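The values are calculated or read from the model by the stated rules, or taken from the named source; none is laboratory data. What you are looking at is a predicted structure, and each value in this text was computed from that prediction instead of being measured. Glycine gets a Cβ as well: all are built from the backbone with ideal geometry, and neighbour counts include every protein chain shown. Surface areas here come from the heavy atoms of the whole protein model, side chains and all, with no ligands, DNA or RNA. Shrake-Rupley method; radii C 1.70, N 1.55, O 1.52, S 1.80 Å.
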Amino acid sequence: MLKEFKEFAVKGNVMDMAVGIIVGAAFGKIVSSFVGDVVMPPIGLLLGGVNFTDLAFVLQEAAGDTTAVTLNYGKFAQTVIDFVIVAGAVFVAVKTINSMKKSEEAAPAEPVVEPEPSKEEVLLSEIRDLLKART
């Protein structure tokens, strides 16, 4: 069982998947930073200096040691924009890969051309056929 697991874990597909997950996580962080630090501040400025991470509905005010209960719709909006950007990037990547696969499949395979037999092979074939005809 250990041998089978080792073969499975070392296969190219598993390693490719691991690399994809790591790169995907890093890409997610880049997109989050892009949205939070580049996209949302100008949008907030256009809306009158609003910081989206601070947008929230207070459901219950803070009282004593208890913190306020809030519905953070600004953070949710930022997360939705993150998702849309990541989903769009993945869509474009998958579409590009699929179109490359289709073009590879559509390319006609080169016909296998048998090489011409040498003069010796032709002569030996004729001798064989003559010997068969005599027996």
Inset, instruction - State the number of residues belonging to the stretch 94-125 that are of a type outside the set (V, I, T), over 30 Å from G20 (Cα atoms) and open to solvent by less than 70 Å² (accessible area, probe 1.4 Å). - result: 2
Legend entry - Those residues of the stretch 17-51 which are assigned to a helix (DSSP H, G or I) and more than 22 Å from G88 (Cα to Cα), in sequence order: G44, L45, L46
Inset, instruction - Would you please list the contacts, defined by Cβ atoms under 7 Å and residues six or more apart or on different chains, that run from a residue in the stretch 49-64 that is closer than 21 Å to V38 by Cα and open to solvent by 50 Å² or more (accessible area, probe 1.4 Å) to a residue that is small (G, A, S) and at pLDDT 85 or above? - result: T53/G74; D54/G74
Inset, instruction - Scan the stretch 6-15 and give yes if some residue there is within 19 Å of I85 (Cβ to Cβ), at pLDDT below 85, of a type outside the set (V, I, T) and part of a helix (DSSP H, G or I), otherwise no. - result: no
Inset, instruction - Scan the stretch 71-87 for residues that are open to solvent by 60 Å² or more (accessible area, probe 1.4 Å), over 16 Å from F27 (Cα atoms) and not hydrophobic (A, V, I, L, M, F, W, C) and report the count. - result: 3
Legend entry - Lone qualifier among D37, D65 - being out of contact with any Gly (no Cβ under 9 Å at 6 or more places or on another chain) and more than 25 Å from Q78 (Cα to Cα): D65
